[in-house]
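Student: Okay, here's the structure, questions in a sec.
Only the coordinates and a few stated rules stand behind these numbers; no lab work does. Predicted, not measured: the structure shown is a model, and the values here were computed from it. Here the Cβ positions follow ideal geometry from the backbone for every residue, glycine too, while neighbour counts run over all protein chains shown.
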Amino acid sequence: MRELIKLAEKIEDKNLREKTVKTLKEVNLSNKKLNYKPLKLDKSPAGYPGFEHHMEEGGLLIHTKNVTELAIKISDFVIEKYHKINKDFVIAGALLHDLMRVYDFEDSDEGYGITKKLLNHEELIGCELYAREFPEEVVYIVLNHVQPSGLIPEALIVHFADTIDAHMDVYIKELVKNSFNL
């Protein structure tokens, strides 16, 4: 968590930085009628059955850190090569994009199981950020990180950083597994 807070400190806009840090520290739902039970953030995996990236205890924190660091690097490239973007939105969106994954899993003797709920993680975080009065652009980024529509470049950056990190984790694990099974 300390590393995520350190990354959040790169957000120049004080109000957005404070909201982002508070949301990272207080992972909960404003709507108390949604009676979902979260895993602790430091226990939650990031992937899901069928796409098992970062499917270990603490995987969500690792994935979030990786996505944010990669999104910052992509942002720097885009700013240098193309045009100015709002890097604060990218950092906040990357840090928060999968935060509600803690409501996706339950810990069991067989490993991590998926909880049954109507709203998926990107919808939950989008609704929560809306309730916490985040900028519309950050809400858009988290709502569109899985299937981006590309209306703003910041959303594409978070989407691609998320995709690269998740796929690399799966690919590297498969490569290591297969190299020992020759």
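Student: Which of Ile164, Ile72, Ile114 has the fewest other C-beta atoms within 10 Å, and how do the rest follow up to the most?
Tutor: Placing the least packed residue first, the sequence is Ile114, Ile164, Ile72.
Student: List every residue whose amide H lies under 5 Å from the amide H of Phe105, counting only residues 5 or more places away in sequence or on a different chain, with H placed 1.01 Å from N in the peptide plane.
Tutor: Leu39, Thr115
Student: Oh, and also: Residues with beta-carbon under 10 Å from that of Phe134, excluding Phe134: net charge, scoring Lys, Arg +1 and Asp, Glu -1?
Tutor: That sum, taken over residues with Cβ under 10 Å, equals -2.
Student: Further question on the same structure: Can you give the extra length, in nm with one decimal, that the chain gains between Asp13 and Glu69 once fully stretched, where that is 0.36 nm per residue apart less the Cα-Cα distance?
Tutor: Between Asp13 and Glu69, full extension yields 18.3 nm more.
Student: Next question. Express in nm, to one decimal, how much length is gained between Phe77 and Ala131 on full extension, taking 0.36 nm for each residue of separation and deducting their alpha carbon distance.
Tutor: Length gained between Phe77 and Ala131: 16.2 nm.
Student: Can you compute 3J(HN,Hα) from phi for each residue in region 132-138, using the Karplus curve 6.51 cos²θ - 1.76 cosθ + 1.60 with θ = phi - 60°, rounded to whole Hz and x for Gly and Pro?
Tutor: Computed from phi, the couplings for region 132-138 are 8, 6, 6, x, 3, 5, 5 Hz.
Student: Okay, moving on. Helix-derived [θ] at 222 nm for the chain: sum -39500 (n - 2.57) over DSSP H runs of at least 4, divide by residue count, nearest 500?
Tutor: -17500 deg cm²/dmol
Student: I'd like the FRET efficiency for Lys173 and Arg2, computed as 1/(1 + (r/R0)^6) with the beta carbon distance as r and R0 of 35 Å, rounded to 0.05.
Tutor: Computed FRET efficiency for Lys173 and Arg2: 0.85.
Student: Once phi is turned into θ = phi - 60°, what whole-Hz ³J(HN,Hα) does the Karplus curve with 6.51, -1.76 and 1.60 give for every residue of region 17-28, x standing for Gly and Pro?
Tutor: 4, 4, 5, 5, 4, 4, 5, 4, 7, 10, 7, 8
Student: Please report, largest first and rounded to whole Å, the three semi-axes of the ellipsoid equivalent to region 12-59, where each semi-axis is the square root of five times an eigenvalue of the C-alpha gyration tensor.
Tutor: Semi-axis lengths for region 12-59 are 25, 17, 9 Å.
Student: All other residues with a Cβ under 13 Å from the Cβ of Asp162 taken together, and with Lys, Arg as +1 and Asp, Glu as -1, what is their net charge?
Tutor: After counting each charged neighbour, the total is -4.
Student: Sort Leu129, Leu124 by Cβ crowding within 10 Å, fewest neighbours at the top.
Tutor: If I rank by nearby Cβ atoms, fewest first, I get Leu124, Leu129.
Student: Which aspartates and glutamates, if any, have their Cα less than 12 Å from the Cα of Lys40, not counting same-chain residues under 8 positions apart?
Tutor: Excluding near neighbours in sequence, the set is Glu26, Glu57, Asp104, Glu106, Asp107.
Student: A follow-up question, please. Across region 55-60, in residue order, what do the Karplus-derived ³J(HN,Hα) couplings come to in whole Hz, using 6.51 cos²θ - 1.76 cosθ + 1.60 with θ = phi - 60° and x for Gly and Pro?
Tutor: 8, 9, 4, x, x, 5
Student: Based on the Cα gyration tensor of the chain, what are the three equivalent ellipsoid semi-axes, each the root of five times an eigenvalue, rounded to whole Å and given largest first?
Tutor: Semi-axes from the Cα gyration tensor: 25, 22, 14 Å.
Student: Quick check: the distance between the Cα centres of region 146-166 and region 48-117, to the nearest angstrom?
Tutor: 11
Student: Going by amide H atoms built from the backbone, whose H comes under 5 Å of the H on Tyr48, apart from near neighbours?
Tutor: Close amide H contacts, sequence-distant or interchain: His53.
Student: What are the GluC sites (Glu not before Pro) within region 75-182 that DSSP puts in a loop, where the Cβ has at most 16 other Cβ atoms within 10 Å?
Tutor: Glu110, Glu133
Student: Below 8 Å between Cα atoms, with a sequence gap of 6+, how large is the relative contact order for region 66-179 in percent?
Tutor: 30
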